[in-house]
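Just below is one structure, and these are the notes that go with it.
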Amino acid sequence: MKSKIKYIVFTVILLATFIGGCKEDFLERKPLDAMTDASFWKTSNDLKVFVNGFYQLFPRYIGNNVAGSGGSTFANHLLDHPSDIIASTSPHSSLMQLQNSGQAPNSDNTWKNNYNWIRQINYFIENSKKVTPRGESVNHYIGEGYFFRAWVYFEMLTRYGGVPYITKSLNVSDKEELFKPRDSRYDVAKWIIQDLDSAITNMNWKGAGTGAGVGRVNKEAAIIMKGRVALFEGTWERYHSGSVFGVSGHNGTDLLQLIEPAIQQLIDHQGANLFTSGGPLNEAYNQLFSQQDASKTAGVFLYRVYDVSLIGGHSFYEKMVRAPGFTDHLANAYLDRNGHPQVLSQFPVDEKNLYSQGEYLDPRFRQTIWTPDKGPMKKVAPGFGENPPALPTSRYPYLTLKQNDYFSPTGYRPWKGAILDANEYRNGSTDDVLIRYEEGLLAYAEAKAVLGTITQADLDKTVNLIRSRVGMAPMDLNTVNSWNSSIYKVSMGFDPSQPNIVNEIRRERLVELAWEGFRLDDLRRWAVFEKVINGYKPKGAHISQFLAYYNNPDSLQKDGYASTAPYALTPGAGFDIDSEGYINPFYITPEFKTGGAGYYIDPNRDYLSPIPKGEIDLYEQKGEVELTQNPGWF
C-alpha cells in the first residue's frame, strides 16, 4: 500500500468560514482568529494539517471519487481543450466568439473562489510564524504556503492580467486594502516570483529531510514554477509590446533573465536523471504518465496522489477510451526521426498513413498517439477492456470512427500515459503528473533562445537530454539556423520573423508537453492566438486507411469479429470528412463545413477574461474605487 497524504482541511468550522461568496459576503464574516482553536499553531504537524487543505487546488482526473475533492472543475486529461491540438465532437465555446458582444458576466467563480483561497493562504502564512522553534519541517510547510499563494495568483495573472494583490487575511476594518485597485501585471508577476523564492528557500528537495514527503510540494516544483511564471510573463511582455495587452516600460528581459540561474540550480541538483524505464511497452515517454507511485518516478516533482485504499481513485481509463482526439496541428508538428521538419525529410513520411507516421517520425508521435502498428489492443494489453464492459475496439488495430464503441472523433486517439492494468479501469490509483523536470529544461532553452544567448551546450543539457530518452536525434543549432524560415507557418503558432531556434523550441515544447495544459497559454503569451485559431477547422487523420481496414471483411475476421456490418464505414453516416479526405470532427456544425468561418476569437479582447461586472459595481458602491475592466469588455 502506498503511504500518501490525505487532502484534508483543518476543521469543518474553519472550512465553512473560508468557502463562500463574493466580497459582500466576506464583509459579514467573523474574524478568522475567532473561529480557530486557541491551542492551534503550536507544532509543525499543525501547519501540515492546515496546508493539506490547499492540495485541493490542483487539477484532477475526470470521474475521480475522492471524498470532498475540490480544486479545478475541469478534468486533467482535458487541459489542452480548448486549443488547436484537441478536438471533441463539437467546437469549444470559448473559441467560438464571433457573436460575443463583449459584455462581461456579473460573476465569475474563478475570481470568487481564488480570492477565498487567497484569504485562507494569507491566514496560514501569517499564523505559521507563531510556531516555534523554526525547524526544518516548520520551514518546509511555511514554504508550501508561499507556493500555494503563488499558484493561485498565477492563475489569476494568466486569466485576468493585473489583479488586486492582497497578502494579509483581511477583515471588516481593512476597507482600504479590501477595495484596492488592480495592481499592474508586472508587479503581480514580480510578487509571485518573490513568493516562489520564499518557497524555494524554505522547502526541501523531493524526498529529502522532513516535509517534502510523498505527494507534497517540494523545492524542485517551486523552481520550475518560478521558471513557468517568468517565462509566461517575460514572453508576454516581449511579444505583446505595443498592443492593448502590452506592459508599458517593460520588455520581458529582466524576467527572462531569471530563468537560467533558477533552472541551473535544479540542473545542478538533478543532473541527467530522467525517467527512462519503458515498462511493458518499452516506451519511456508514454509510461512516464502511468506510474502508480510517482514518488519513485525520476523527474516528476509534483503530482496529485490517488490511492483507492486511502483517498479514492479515478477513471484514468477514460483518458484513452472517451477522450477527445488530437488534430492535424499536433500530428504535423512532429519532426522526423533524424530531427528534420517533415517538409525537409528524406524519409517517405506519408501524413495520410498512421503506420508511416509512427515509423518515420519522432518516437514521441507513436508514444502520444495510438498507431495501428501496435496491433489489436488486446495484443498490447491482454484482457484490456474486457473487465467489464467488453470493448469491441480492443480487437482492432484501427480505431472506430462512428459515435459508438468508444470511437475517436479525429482518428488520432491519445495514447500518452496508457495504463495497461485492467484493475485501473474505473477506480485507479495511478498518480497524476503536474510538474516535471522537462518543463524546466524547456523553459531554460526557450528563455535563452528568446534572449539570443543560447548555445549548443545549452541545447545539449536541455532539449537533447529530453530527446535522448526516446532515441530522438539531437537538435543541432547550426542545422536549425540553416533552414529557410518559410517552413515556420504562423497558423501553427510559429513566427517566421523570429530566429529559427526560437521556433524550434516552440515546436519541441508542443511535442513534449502535448496534453498537459500548456498550449493555450503558449499561444496567448506568444501573441499568436488569433493567428492560429481564427478560421481554423480542426482536421483529423486521413480516412483512406480506415476505409481500407473496416470495409475489408477479411481484415475484420482476421482480428476476431465475425460480422462486418457494424463497422462498415461510409462518410456522412456517423462521421464525415473534408474535401481532401481528412476526418472532420465538427462536421455537424455549420461553421466547420465547406465555406464555414471556423473558429474565431477577438484579437483585441479574448487574450484576457473579463473582470466580473458584479465585482466592478461592488468596488464602486462599497469602496468608492474603480476596478478597471480588461480591453474589449464592458
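Observations on the structure shown:
- Percent accessible area from carbon and sulfur atoms, the stretch 189-271, protein chains only, probe 1.4 Å: 47
- Neighbours of Thr410 by Cβ distance under 10 Å: Lys/Arg scored +1, Asp/Glu scored -1, total +1.
- The stretch 172-325 - accessible surface per residue (Å², probe 1.4 Å): 35
- Apportionment of accessible area to carbon and sulfur, the stretch 390-513, percent (1.4 Å): 49
- Pairs over the 30 Å Cα-Cα cut-off, from the set Lys461/Lys539; Lys296/Lys402; Lys531/Lys593; Lys374/Lys531; Lys416/Lys539; Lys489/Lys613: Lys461/Lys539; Lys296/Lys402; Lys374/Lys531; Lys489/Lys613.
- Å² per residue, accessible surface of the stretch 391-517 at 1.4 Å: 28
- Charge context of Tyr600, other residues only, Cβ under 10 angstrom, K/R +1, D/E -1: -4
- Legend: residues Thr594, Thr132, sorted from most to least accessible area (1.4 Å probe; ligands, DNA and RNA excluded), read Thr594, Thr132.
- Rounded to the nearest 10 square angstrom, Asp476 shows an accessible area of 60 square angstrom against a 1.4 Å probe.
- Total formal charge among the other residues, if their Cβ is under 13 angstrom from that of Glu283, Lys/Arg +1 and Asp/Glu -1: +3
- Placing dummy labels 7 Å off each Cα toward the beta-carbon, the span from Asp559 to Thr110 is 4.0 nm.
- Estimated FRET transfer efficiency when R0 is 56 angstrom, pair Gln403-Ser485 (beta carbons, to 0.05): 0.85
- Computed from the Cβ-Cβ distance with R0 of 35 Å, the FRET efficiency linking Thr132 to Val172 stands at 0.70.
- For the stretch 567-634, accessible area per residue (1.4 Å probe, heavy atoms of protein chains only), Å²: 46
- Of all accessible heavy-atom area on the stretch 519-634, the percent that carbon and sulfur account for (1.4 Å): 51
- Rounded accessible area of Glu620 (nearest 10 Å², 1.4 Å probe): 120
- Accessible area of His269 in the full protein assembly, 1.4 Å probe (Å², nearest 10): 80
- Ser107, Ser579, reordered so the largest accessible area comes first (probe 1.4 Å): Ser579, Ser107
The values are calculated or read from the model by the stated rules, or taken from the named source; none is laboratory data. None of these values were measured; they are calculated from a predicted model. A quick note on method: Cβ atoms are made from the backbone with ideal geometry, for glycine too, and the neighbour counts reach across all protein chains shown. Ligands, DNA and RNA are excluded from the accessible area calculation, which covers all protein heavy atoms including side chains. Shrake-Rupley method; radii C 1.70, N 1.55, O 1.52, S 1.80 Å.
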